[in-house]
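Student: First the structure, which I've put down as structure tokens, then a few questions once you've had a look.
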Amino acid sequence: MQPVQKGAMLYEGKAKKVYATDQPEYVIVEYKDDATAFNGEKRGTIGGKGELNNRMTAIFFELLDGAGIPTHFVERLSDREQLVKRVTIIPIEVVVRNIAAGSLSKRLGLSEGWELPRPIVELYYKSDELGDPLINEDHIAILGIATPEQLARIREYALTVNSLLREHLAGRRVLLVDFKLEFGTDAAGTILLADEISPDTCRFWDADTHEKLDKDRFRRDLGGVEEAYQEMLRRLVGVVPA
Ligand code: ADP
Ligand code: MG
């Protein structure tokens, strides 16, 4: 496609900035080094994170696009920027889990690392003010956030993304513990996978040692945060440790 011009900043989130372009159907996403956890209570920066997450998201979205998942991704423009289709974000954080960790372990008393009998999908209302509460399809219906048909489609995409990513990561000796997706609708009403897929939004464990290669290193002050993000990129581009 022809080059787009970066326009005014439309909004700034916790990890990214979104800019208008000279073409209404596209926006530019700029990845920041800023990191937050526990609903913004913990703040910091992770050196190089913006570049690393921009690259990793591009790799994952290209993989999913190639496998037939409709996504917002167009192309990576620079170290920190990518061009995406503009969507209206559906305010649901769609979480898929394969192994118990984080809030699931806490809420249901499951030991971290317990392999679930099958993948599960959880839905959270994307609202910083409310602290992203867990919701179900009845809540989504009464709030008018998505139609039952849209929700069914979103669940189906989320589980397919899980299968594709799990298999791809297994070849890189990485376990996909859980992850969060966001979806949006374009001007025609088509549902597209949007936002990012990175160590900020996924739990990745080394398949052999169960070492954490994701934002839990930041959340839990484990150290080696930058190194973990770098290691994930190395594995995705094909450099697997012996
Ligand atoms: P947040 O603080 O809400 O997590 P981020 O910094 O991660 O925000 O991202 C900035 C915002 O960009 C988020 O609200 C996200 O939903 C939104 N967004 C992601 N992809 C798109 C897109 N294709 N079109 C419009 N907005 C998007
Ligand atoms: Mg975000």
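The values are calculated or read from the model by the stated rules, or taken from the named source; none is laboratory data. Predicted model, so just to flag it, every value in this text is computed and none were measured. Counting neighbours? That spans all protein chains shown, and the Cβs are built from the backbone with ideal geometry, glycine included. Please note that ligands, DNA and RNA were not included when accessible areas were found on the heavy atoms of the full protein model with its side chains. Shrake-Rupley method; radii C 1.70, N 1.55, O 1.52, S 1.80 Å.
Student: Given the Cα-Cα distance of I89 and D208 and 0.36 nm per residue of separation, how much length would full extension add, in nm? Provide the component values of the computation, followed by the final result.
Tutor: Details: separation 119, 0.36 × 119 = 42.84 nm, distance 3.66 nm.
Extending this stretch completely gives an extra 39.2 nm.
Student: For segment 196-212, what does the Karplus curve 6.51 cos²θ - 1.76 cosθ + 1.60, with θ = phi - 60°, yield as ³J(HN,Hα) per residue in whole Hz, taken in order and with x for Gly and Pro?
Tutor: Ordered by residue, 3J(HN,Hα) equals 9, 9, 7, x, 6, 10, 10, 9, 10, 10, 4, 5, 8, 9, 6, 4, 7 Hz.
Student: Please give the length that would be gained between A152 and V121 if that part of the chain were fully extended, namely 0.36 nm times their separation in residues minus their C-alpha to C-alpha distance (nm, one decimal).
Tutor: 10.0 nm
Student: Which ³J(HN,Hα) values, rounded to whole Hz and listed in residue order, are derived for segment 153-164 from phi using the Karplus coefficients 6.51, -1.76 and 1.60 in 6.51 cos²θ - 1.76 cosθ + 1.60 with θ = phi - 60°, glycine and proline given as x?
Tutor: Calculated HN-Hα couplings, in order: 5, 4, 4, 4, 4, 4, 6, 5, 4, 4, 4, 5 Hz.
Student: Show which aspartates and glutamates lie in cross-link reach of K32 when reach means a straight Cα distance below 13 angstrom and same-chain residues fewer than eight apart are skipped.
Tutor: Output for K32: E12, E51, D79, E81, E196, D200.
Student: Let me ask another. Give me the one-decimal Kirkwood hydrodynamic radius in Å for the chain, with the sum taken over alpha-carbon pairs.
Tutor: Across the chain, the inverse of the average 1/r is 18.5 Å.
Student: Separate question: How much accessible area per residue does the chain have, counting only protein heavy atoms and a probe of 1.4 Å, in square angstrom? Mind dumping the intermediate values first?
Tutor: Details: 11700 Å² over 242 residues.
Ligands and nucleic acids excluded, the result is 48 Å² per residue.
Student: Here's a follow-up. Given the options L64, L181, L143, which has the most mean-square fluctuation in a GNM of the chain, springs set between C-alpha atoms less than 10 angstrom apart?
Tutor: In this elastic network of the chain, the residue with the biggest mean-square fluctuation among L64, L181, L143 is L143.
Student: Next up: Only Cα pairs under 8 Å and at least 6 apart count here; give the relative contact order of the chain as a rounded whole percent.
Tutor: 17
Student: I would also like to ask the following. Here are some pairs, K17/K106; K49/K180; K6/K215; K14/K85; K49/K106; which of them have Cα atoms lying more than 23 Å apart in this structure?
Tutor: Correct reply: K17/K106; K6/K215; K49/K106.
Student: Could you calculate the FRET efficiency of L134 with E75 from 1/(1 + (r/R0)^6), where r is the beta carbon distance between them and R0 is 30 Å, rounded to 0.05?
Tutor: Efficiency for this residue pair is about 0.30.
Student: Could you list, bin by bin from short to long, the percent of Cα-Cα pairs of segment 1-125 in 10 Å steps?
Tutor: 11, 31, 37, 17, 4, 0
Student: Right, here's the next one. Counting only protein heavy atoms and a 1.4 Å probe, tell me what percentage of the chain's accessible area is made up of carbon and sulfur.
Tutor: Carbon and sulfur atoms account for 49 percent of the accessible area of the chain.
Student: Given a Förster radius of 35 Å and the C-beta distance between D65 and W114 as r, what FRET efficiency does 1/(1 + (r/R0)^6) yield to the nearest 0.05?
Tutor: Calculated transfer efficiency: 0.60.
Student: Under 5 Å between amide H atoms, partner at least 5 residues away or on a different chain: which partners does D178 have, H built in plane at 1.01 Å?
Tutor: Excluding prolines and chain starts, which carry no amide H, the hits are N98, R203.
Student: Further, regarding this structure: Rounded to the nearest 0.05, what FRET efficiency do K106 and R43 have when you use their Cβ-Cβ distance and R0 = 22 Å?
Tutor: Approximately 0.50, to the nearest 0.05.
Student: By what distance, in whole Å, do the Cα atoms of segment 128-242 stretch along each of the three principal axes, largest value first?
Tutor: Result, largest extent first: 50, 29, 24 Å.
Student: From the backbone phi of segment 109-115, what are the Karplus-calculated ³J(HN,Hα) couplings (6.51 cos²θ - 1.76 cosθ + 1.60, θ = phi - 60°) in whole Hz, Gly and Pro given as x?
Tutor: Values, residue by residue: x, 9, 5, 4, x, 5, 6 Hz.
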